[in-house]
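Working notes for the structure below.
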Amino acid sequence: MPHTNLRLSCERSVHRTQNIILQVPSNVSGINFLLEPSHFLSHPPNASLLLPVLCVDTTALVFNNYYKQFSYEDLLLPNDVKKRGVEDIPEYLYRDDTLCHWEIIKEYVSEMIHLIYPSDEDIVKDTELQNVFNEVVDFGFRGYENGADFPREVSTREGVVEYLTAVIVNISVFHTAVNFQTFTSYTFPPSVPTCLTLPPPTQDQEITMDLILKCLPVLEITFISMNISFNLGQFSPIERFYLEDPAENKLGVLGENMAVAPEQEACIRRMAEKMRGFKEKIDARNVGRYLKYDVLSPVNTPLTTQT
């Protein structure tokens with residue numbers, strides 16, 4: 001996946017953009033390795049841990065079919081909102097919170113990029129940075145038509161800002177929104193059945209409650225899927241979040257020995273302060289609500305995807 005290659009390229013030369021992405025890609029390498037077809041499909045226990053109800057022989061086909069239409073544009077969350085036509089739906093809290101995260105993180109990345117690169121010309125001259133974009137296409141999206149539309153070169157600071165914002169937001173914010181809600185869904189199998197015990201209904205076939213109940217997975221499979229979703233939805237003990245929460249022993253993005261220049265640390269602190277205001281907005285919104293939505297509160301949003 002592209003995030004692994006970005007990390008490895010930065011680490012090989014200790015590239016100056018490495019500090020921008022904080023700890024975001026720190027554990028993506030391990031996850032990518034677990035899901036590599038050569039490893040995943042040759043080790044059935046991996047399949048049983050992650051996708052217990054799928055036949056291992058068809059897992060690659062499932063992934064391939066799902067990502068046939070995937071492209072770089074899908075990582076740009078504001079564009080995705082417009083593409084799905086959900087800009088004006090009231091009380092769509094996932095949209096509101098992800099877009100707020102996007103703006104805060106984009107402002108932070110922009111500040112850092114403008115510190116590092118005084119002009120667009122400096123972006124073009126940075127051959128190591130341009131090599132990263134090529135590696136993402138060549139190794140991260142090998143086999144995709146047109147490299148899934150990922151750019152092979154980026155010639156402006158704003159282009160780099162968009163690219164890095166997309167990487168950070170999708171690994172941290174989007175992953176949080178999807179991953180840490182799985183147990184809520186999988187505890188009610190009729191809502192998200194992990195498999196069916198009967199073939200899918202045919203066109204014009206009458207759908208009855210009896211047919212639906214007969215299609216649901218057996219108790220053993222239901223228990224396994226609930227157990228996996230519960231464990232996958234737990235925070236890692238070494239997790240860091242956009243904001244600290246001492247009451248829950250959560251570490252924030254700010255910490256000792258951050259190994260950045262004073263100007264860069266100031267950018268990080270400004271981002272953390274904006275995240276604090278964002279959290280207060282979510283807290284106020286949830287007052288009096290029967291069902292609170294704080295999944296994407298900065299104290300609940302890890303910086304990275306942990307293994």
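The values are calculated or read from the model by the stated rules, or taken from the named source; none is laboratory data. The structure presented is a predicted model; accordingly, all values stated were derived computationally and were not measured. Don't worry about glycine lacking a Cβ; one is built from the backbone with ideal geometry, like all the others, and counts go over all protein chains shown. Side chains included, ligands, DNA and RNA excluded: accessible areas come from the protein's heavy atoms. Shrake-Rupley method; radii C 1.70, N 1.55, O 1.52, S 1.80 Å.
Taking helices (runs of 4 or more DSSP H) as the structural unit, those lying wholly within region 84-197 and holding at least 1 residues that are closer than 30 Å to residue 215 by Cβ, of a type outside the set (Phe, Trp, Tyr) and within 23 Å of the chain's Cα centre (by Cα) correspond to 175-179, 182-186. Taking residues in region 185-206 that are free of Cβ contacts under 8 Å to residues at least 24 places away in the same chain, and partners anywhere that are open to solvent by less than 90 Å² (accessible area, probe 1.4 Å) and of a type in the set (Val, Ile, Thr), the pairs with Cβ atoms closer than 7 Å and at least 6 places apart or on different chains are 197/218. Taking the stated definitions as given, is residue 295 over 26 Å from residue 114 (Cβ atoms) and of a type in the set (A, V, I, L, M)? For residue 295, the condition - over 26 Å from residue 114 (Cβ atoms) and of a type in the set (A, V, I, L, M) - is met. Determine whether residue 211 is open to solvent by 90 Å² or more (accessible area, probe 1.4 Å), over 26 Å from the mean Cα position of the chain (by Cα) and not hydroxyl-bearing (Ser, Thr, Tyr). Considered against the rule, which asks whether it is open to solvent by 90 Å² or more (accessible area, probe 1.4 Å), over 26 Å from the mean Cα position of the chain (by Cα) and not hydroxyl-bearing (Ser, Thr, Tyr), residue 211 comes out as no. Scanning region 224-281 for residues that are of a type in the set (Val, Ile, Thr) and open to solvent by 80 Å² or more (accessible area, probe 1.4 Å) turns up just one, 238.
Residues of region 138-155 that are over 23 Å from residue 121 (Cβ atoms) and surrounded by fewer than 18 Cβ atoms within 10 Å (Cβ to Cβ): 138, 139, 142, 143, 144, 145, 146, 149.
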